[in-house]
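**Q** I am attaching a structure below and will ask some questions about it afterwards.
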Ligand code: GLU
Ligand code: ZN
């Protein structure tokens, strides 16, 4: 017998740039999944990327979502949760699954790193030779050590079905950045647990990240949600919309007087409005 779990989804935009159609689609998918199950739909502003973060955009995001006809509960922004990230990083260090890495992007490229499912796979330089302790360092997850502690793990995607955790595609990811107490992986995993998210809804471009997040849940003994990685919207040439330049931001459409609810209705049918 399955125990009924309240469906809690979230939309977690980063205020680094305005929202576009792909974001709107993602927010609508998460919103509708929650509403269809009489669950909750949360908005979480992922604003820890200090230098790139533009606080004024958060208010714009709320206007965009309202314009699309969505309703939500807002949970605290990531910038208010830094202490919980530092605490979790401390626990991971105590488990021995983190190592310091001082490499710059250039050094990683020059070390012959191979492309993985999300950029280059870290070639393990600082794992083999611990770096100078006086240089500023990020902390990476030692995927092999993590696997030895967790054993084989599985997770469930609502569309793709059961998945075996496989960290090979991402390698030893950064969990604590040089300049911040967390990376996206650590912050999002902790926040989804703290916010009681039961269905992590996001684009298929982040599918591989879920292997890391499932591993962190096991290491930190966090509740395990289900995932729903939705396909990315494609334009008429089959190109990912997110990659396409020049598509007007939601805010620009809104300010030009476009009907946001009508746009949302089109996106629900996965029809791209003409001239996007
Ligand atoms: N802040 C992330 C982004 O905008 C959220 C990714 C996620 O939903 O986990 O890409
Ligand atoms: Zn390194």
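**Q** Among the residues in the stretch 109-122, are any assigned to a helix (DSSP H, G or I), free of Cβ contacts under 8 Å to residues at least 12 places away in the same chain, within 10 Å of ligand 2 (Cβ to nearest atom) and out of contact with any strand residue (DSSP E or B) (no Cβ under 7 Å at 6 or more places or on another chain)? Before you say what the answer is, go through the steps one by one.
**A** Here is the first cut: in the stretch 109-122, the ones assigned to a helix (DSSP H, G or I) are 109-110.
Still in the list and also free of Cβ contacts under 8 Å to residues at least 12 places away in the same chain: 109-110.
Add one more test, that the residue is within 10 Å of ligand 2 (Cβ to nearest atom), and what stays is none.
The answer is no; no qualifying residue exists.
**Q** Now, a different point. Before we move on, is residue 153 in contact with a helix residue (DSSP H, G or I) (Cβ under 6 Å, 6 or more places away or on another chain) and farther than 22 Å from residue 49 by Cα?
**A** On the way: in contact with a helix residue (DSSP H, G or I) (Cβ under 6 Å, 6 or more places away or on another chain): yes; farther than 22 Å from residue 49 by Cα: yes.
Yes; evaluated as a whole, the condition is true for this residue.
**Q** Given the conditions (1) under 22 Å from residue 227 (Cβ atoms); (2) away from ligand 1 (no atom under 16 Å from the Cβ); (3) out of contact with any helix residue (DSSP H, G or I) (no Cβ under 8 Å at 6 or more places or on another chain), and given that residue 132 satisfies all but one, which numbered condition is not satisfied?
**A** That leaves (1) as the condition not met.
**Q** Quick check on my filter: what residues within the stretch 205-214 are within 8 Å of ligand 1 (Cβ to nearest atom) and surrounded by 21 or more Cβ atoms within 10 Å (Cβ to Cβ)? Write out each step before concluding.
**A** Let us first name the residues in the stretch 205-214 that are within 8 Å of ligand 1 (Cβ to nearest atom), namely 206, 209.
Hit for the stretch 205-214 is 209, nothing else.
**Q** Which of the residues belonging to the stretch 126-168 are within 16 Å of ligand 2 (Cβ to nearest atom), under 23 Å from the mean Cα position of the chain (by Cα) and surrounded by fewer than 16 Cβ atoms within 10 Å (Cβ to Cβ)?
**A** Answer for the stretch 126-168, where residues must be within 16 Å of ligand 2 (Cβ to nearest atom), under 23 Å from the mean Cα position of the chain (by Cα) and surrounded by fewer than 16 Cβ atoms within 10 Å (Cβ to Cβ): just 144.
**Q** In addition: Can you pull out the residues in the stretch 19-46 that are modelled with pLDDT of 95 or more and assigned to a loop (DSSP other than H, G, I, E, B)?
**A** Answer for the stretch 19-46, where residues must be modelled with pLDDT of 95 or more and assigned to a loop (DSSP other than H, G, I, E, B): 19, 37, 38, 39, 44, 45, 46.
**Q** If you scan the stretch 30-41, which residues turn out to be crowded, with 21+ Cβ neighbours inside 10 Å and away from ligand 1 (no atom under 11 Å from the Cβ)? Give the derivation first.
**A** Filtering the stretch 30-41 for residues crowded, with 21+ Cβ neighbours inside 10 Å gives 30-31, 34, 41.
Passing the criteria: 31, 34, 41.
**Q** Taking only pairs six or more apart or across chains, which ones have beta-carbon atoms under 7 Å, a first residue in the stretch 86-102 that is under 16 Å from residue 188 (Cβ atoms) and part of a strand (DSSP E or B), and a second residue that is within 16 Å of ligand 1 (Cβ to nearest atom) and at pLDDT below 95?
**A** So the pair list comes out empty.
**Q** Does the stretch 1-23 hold any residues that are away from ligand 1 (no atom under 13 Å from the Cβ) and out of contact with any strand residue (DSSP E or B) (no Cβ under 8 Å at 6 or more places or on another chain), and which are they?
**A** At the first step, the residues of the stretch 1-23 found to be away from ligand 1 (no atom under 13 Å from the Cβ) are 1-8, 21.
Listed by number, the residues that qualify are 1, 2, 3, 4, 5, 21.
**Q** I'd like the full set of residues that are within 14 Å of ligand 1 (Cβ to nearest atom) and touching a residue at least 40 places away in the same chain (Cβ under 8 Å), limited to the stretch 195-204.
**A** Filtering the stretch 195-204 down to residues within 14 Å of ligand 1 (Cβ to nearest atom) leaves 195, 197, 199-204.
Of everything in the stretch 195-204, those that are within 14 Å of ligand 1 (Cβ to nearest atom) and touching a residue at least 40 places away in the same chain (Cβ under 8 Å) turn out to be 195, 197, 199, 200, 201, 202, 203.
**Q** Related question: Take the stretch 80-102 and flag every residue that is surrounded by 17 or more Cβ atoms within 10 Å (Cβ to Cβ) and within 29 Å of residue 24 (Cα to Cα).
**A** Correct list: 81, 85.
**Q** Being away from ligand 1 (no atom under 16 Å from the Cβ) and surrounded by 13 or more Cβ atoms within 10 Å (Cβ to Cβ) is the filter here; which residues of the stretch 103-125 pass it?
**A** Filtering the stretch 103-125 for residues away from ligand 1 (no atom under 16 Å from the Cβ) gives 103-116, 120-125.
Selection gives 103, 107, 108, 111, 113, 116, 120, 121, 122, 123, 124, 125.
The values are calculated or read from the model by the stated rules, or taken from the named source; none is laboratory data. As the structure is a prediction and not an experimental result, all values here were calculated from the model. So basically every Cβ, Gly included, is an ideal-geometry build from the backbone, and we count neighbours across all protein chains shown.
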